[in-house]
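Okay, structure first, notes after.
The values are calculated or read from the model by the stated rules, or taken from the named source; none is laboratory data. Just so we're clear, the structure is a prediction, and the values are computed from it rather than from any experiment. Every residue, glycine as well, gets a Cβ built from its backbone with ideal geometry; the counts of neighbours run over all protein chains shown. In case anyone asks, the SASA skips ligands and DNA or RNA and just uses the protein heavy atoms, side chains included. Shrake-Rupley method; radii C 1.70, N 1.55, O 1.52, S 1.80 Å.
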Amino acid sequence: MSKTKEQTLIVICGWAMSGKSTIAKEISKTLGIHLIDIDDVRFLNFGRPNPHPDASEKEMERDKKEMIGSYELLCKAIDINLHMNRSLIITATFTRPIYWEIFLSTD
């Protein structure tokens, strides 16, 4: 009788600089589970964020759109990994309700 490996999704969220990535890296290494960090998704697709208190309204709107796109890409990566029966750890802040809605709409 063969044993089917079930995939696991571990979500680590919290404030910026709270240690999410550090904890996730240790869990990933210990369990041998792939890790995807929202900051890496953002950087690879859009470059470094440019939120600054003195940023123009146009720059802040672009930053918001880039983050929404990053969360959409993260959710697509979750779907693909789970569809392939691969376990996954993700880290993100989920600071805005729109990010929760994108994540919760993932199958």
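A few points about this structure:
- Å³ per residue enclosed by the Cα convex hull of the chain: 106
- Global form of segment 15-63, assessed from the alpha-carbon gyration tensor, a/c cut-off 1.5: prolate
- Each of ILE27 and ALA55 was given a label point 7 Å from its Cα along the Cα-to-Cβ line. The distance between the two points is 2.8 nm.
- Highest to lowest packing among 80-88, 36-44, scored as the average C-beta count within 10 Å: 36-44, 80-88
- Anisotropy class of segment 41-96 from Cα gyration tensor, a/c 1.5 cut: prolate
- The simple spin-label model puts a point 7 Å past each Cα toward its Cβ; for CYS13 and LEU82 those points are separated by 1.4 nm.
- Helix-derived mean residue ellipticity, 222 nm - over the chain, DSSP H n ≥ 4, -39500 (n - 2.57), to 500: -17000 deg cm²/dmol
- Ligands, DNA and RNA left out, the 1.4 Å accessible surface of the chain is 57% carbon and sulfur atoms.
- Note that the chain presents 71 Å² accessible area per residue, ligands and nucleic acids not counted, probe 1.4 Å.
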